[in-house]
1. Just one of A:A119, A:A115, A:A130, A:A144 is hydrophobic (A, V, I, L, M, F, W, C) and open to solvent by 20 Å² or more (accessible area, probe 1.4 Å); which is it?
2. Among A:K146, A:K164, A:K181, which is within 14 Å of chain B (Cβ to nearest Cβ) and in contact with a helix residue (DSSP H, G or I) (Cβ under 9 Å, 6 or more places away or on another chain)?
3. Scan the stretch B:86-101 and give yes if some residue there is of a type outside the set (A, V, I, L, M, F, W, C), closer than 19 Å to A:Q101 by Cβ, away from ligand 3 (no atom under 12 Å from the Cβ) and not assigned by TED's automatic domain parsing to the domain that holds B:V59, otherwise no.
4. So A:E138 passes all but one of these: (1) open to solvent by 10 Å² or more (accessible area, probe 1.4 Å); (2) more than 12 Å from every other protein chain (Cβ to nearest Cβ); (3) under 24 Å from B:I134 (Cβ atoms). Which condition number does it fail?
5. Which of the residues spanning the stretch B:7-29 are more than 12 Å from chain A (Cβ to nearest Cβ) and either part of a strand (DSSP E or B) or out of contact with any strand residue (DSSP E or B) (no Cβ under 9 Å at 6 or more places or on another chain) (or both)?
6. Of everything in the stretch B:59-103 that's within 15 Å of ligand 1 (Cβ to nearest atom) and either without any contact (Cβ under 8 Å) to a residue 60 or more places away in the chain or more than 30 Å from B:N7 (Cβ to Cβ) (or both), which residue is most open to solvent (accessible area, probe 1.4 Å)?
7. Could you list, in sequence order, all residues of the stretch B:104-151 that are in contact with a Gly (Cβ under 7 Å, 6 or more places away or on another chain), surrounded by fewer than 23 Cβ atoms within 10 Å (Cβ to Cβ) and facing chain A (nearest Cβ under 10 Å)?
8. Scan B:I6, B:I33, B:I10, B:I40 and give me the residue that is surrounded by fewer than 24 Cβ atoms within 10 Å (Cβ to Cβ), without any contact (Cβ under 8 Å) to a residue 24 or more places away in the chain and either more than 30 Å from A:D6 (Cβ to Cβ) or away from ligand 2 (no atom under 16 Å from the Cβ) (or both).
Amino acid sequence: MLPRFDLYEPKTIAEACALKKEHNGRILAGGTDVVIDMHGGKEFPVIIDIKGIEELETITEDENTITFGALTRHRTIEESVFFKKYYSALWDGCSQVGSVQIRHRGTLGGNICNAVPSADSIGPLQVFDAVCTVASPEGDREVALKDFFIGPKKTILGPDEILKSITIQKLKARSGSCYIKYGRRKAMDLALCGISCMIELDENDTIVKSRWSLTTAAPTSIRNYPPEEYLTGRNIKDVDLDELGKLAVKDAKPRSSWRSSAEFRIALLDEMAKRAYQNALSRALEAKTAPPLMSEETGFNVF
Amino acid sequence: MDRKTINVTINGEQYIRNVEVYMTLAEFLREEIGLTGTKIGCNEGECGGCTVIFNGRPVNSCIVLVNEIDGGDVLTIEGMSQDELHPIQEAFLEVGAVQCGFCTPGMVMSAKAILDQNHHPSEAYIRKNMEGNICRCTGYVRIMKGIILAAERMYGKAE
Ligand SMILES: Cc1cc2nc3c(=O)[nH]c(=O)nc-3n(C[C@H](O)[C@H](O)[C@H](O)COP(=O)(O)OP(=O)(O)OC[C@H]3O[C@@H](n4cnc5c(N)ncnc54)[C@H](O)[C@@H]3O)c2cc1C
Ligand code: FES
Ligand code: FES
């Protein structure tokens, strides 16, 4: 049996926020972090299960953005041909979380709010300029995902706030992205380190926009500016991969832990940056037009 | 609340139970309903021994809280066969995919989830979708063979 708790099942966001504040309650989404903690003996006197709030489940889009409800499951992204083809970094991340069983349960919102440096969806979301919508009884506010964390396992969420949704910017034609995760095993392992990148080319093969982020290379997942500055405005013919690799690890401050030394993580990231760039580049060169509407590409991934 | 009345369909039968909420689906199945085919190995989402199909999806029942299954549909290993074994179980027996058998219920449920979604899975697809099930005995080769054989029997060879 788990440690005892009192359970609430709110049906609206307002109710969930009020309960969180009143009881200092622990929000429960897929539970793949929370229930593990409970099995480990951690006591949460009040659990607030938000899975009954339908509004948190939907994925919507407009002309420029796609918005994921906080309860969007990793497996939903993984099964979608649309995300694999057009928002590849996000697909690369979500499809490598834990196992199938975990991906059916684990949510984007939980991955973000759990706020560990190895979270596989956060780095990829950052390269699409993700913005979090945070709900409280006073209304919604927007916080860029890169500003959402104040330390490991710590977010900017106030006592009466929950994460409502995450919005990414739609890509243009000739854009591509990639996330590479390095784990000691192919499955069921946390990222020893990870790197994400997104590039957009103009018709002359000059990089007009680039976004990078690092996973397990700092206390939280961080945006990675040096390679962005190096690539922006540069023609793909003039990209020196060795230089790119060096810049990609310039701001990385991984720890040495029992999993691996900091030096090893840096060496890995240097190489992974080159590969991530080359993957993103080949995807960008294939993407002749901007991604279609999500509703126009409804295929299911059978790889 | 610290108790909840759960109305759930398990293996096609309806059960109504009033239970304490700090209970997992795995515990509910084993202790409340007496379906002990679902195995608890790690109790933390790692091993897959507790895999059941919940509302059409494979999940680790050790990390699903019981409140959520109210109104839902659960399939466990006991529901896989009535008078005869399910083709996946037959195939596992035939190729020798079972040694100590502790992982087998979870393996069979994950295999069922794969074949429900993909009638002609590639080896790569099977590997990727079985990644949450750990076996300490067989070395996986025969489990893989068993799933491929079951797929062929159930849905024919891929063209
Ligand atoms: C076996 C196993 C393997 C795993 N492998 C990986 C992996 O490879 N990569 C990876 O990134 N993660 C991994 N995880 C961790 C976990 O699956 C993910 O972090 C998942 O996305 C968490 O989502 P959840 O919905 O289950 O979160 P929950 O456990 O429900 O919640 C996580 C935290 O976020 C809070 N929270 C959740 N939603 C909200 C919200 N909307 N507003 C405010 N707070 C909220 C909760 O209070 C809690 O503190 C693994 C976990 C397990 C058990
Ligand atoms: S017992 Fe549930 S995954 Fe191991
Ligand atoms: S047969 Fe023993 S664990 Fe798989």
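1. Just one listed residue meets the conditions, A:A144.
2. From the options A:K146, A:K164, A:K181, the qualifying one is A:K181.
3. The initial filter retains those residues of the stretch B:86-101 that are of a type outside the set (A, V, I, L, M, F, W, C), namely B:86-87, B:89-90, B:94, B:96, B:99, B:101.
Now restrict to residues that are closer than 19 Å to A:Q101 by Cβ: none.
The answer is no, given that none of the residues of the stretch B:86-101 is of a type outside the set (A, V, I, L, M, F, W, C), closer than 19 Å to A:Q101 by Cβ, away from ligand 3 (no atom under 12 Å from the Cβ) and not assigned by TED's automatic domain parsing to the domain that holds B:V59.
4. (3)
5. Those that are more than 12 Å from chain A (Cβ to nearest Cβ) and either part of a strand (DSSP E or B) or out of contact with any strand residue (DSSP E or B) (no Cβ under 9 Å at 6 or more places or on another chain) (or both): B:N7, B:V8, B:T9, B:I10, B:E13, B:Q14, B:Y15, B:I16, B:R17, B:N18.
6. My answer is B:E68.
7. Within the stretch B:104-151, B:I134 is the sole residue that qualifies.
8. Details: B:I6 fails: without any contact (Cβ under 8 Å) to a residue 24 or more places away in the chain; B:I10 fails: without any contact (Cβ under 8 Å) to a residue 24 or more places away in the chain; B:I40 fails: either more than 30 Å from A:D6 (Cβ to Cβ) or away from ligand 2 (no atom under 16 Å from the Cβ) (or both).
Unique residue meeting the criteria: B:I33.
The values are calculated or read from the model by the stated rules, or taken from the named source; none is laboratory data. Note that this is a predicted model, so its numbers are computed, not measured. Note that each Cβ is placed from the backbone with ideal geometry, even for glycine, and that neighbours are counted across all protein chains shown. The accessibility values were calculated without ligands, DNA or RNA, using every heavy atom of the protein model including side chains. Shrake-Rupley method; radii C 1.70, N 1.55, O 1.52, S 1.80 Å.
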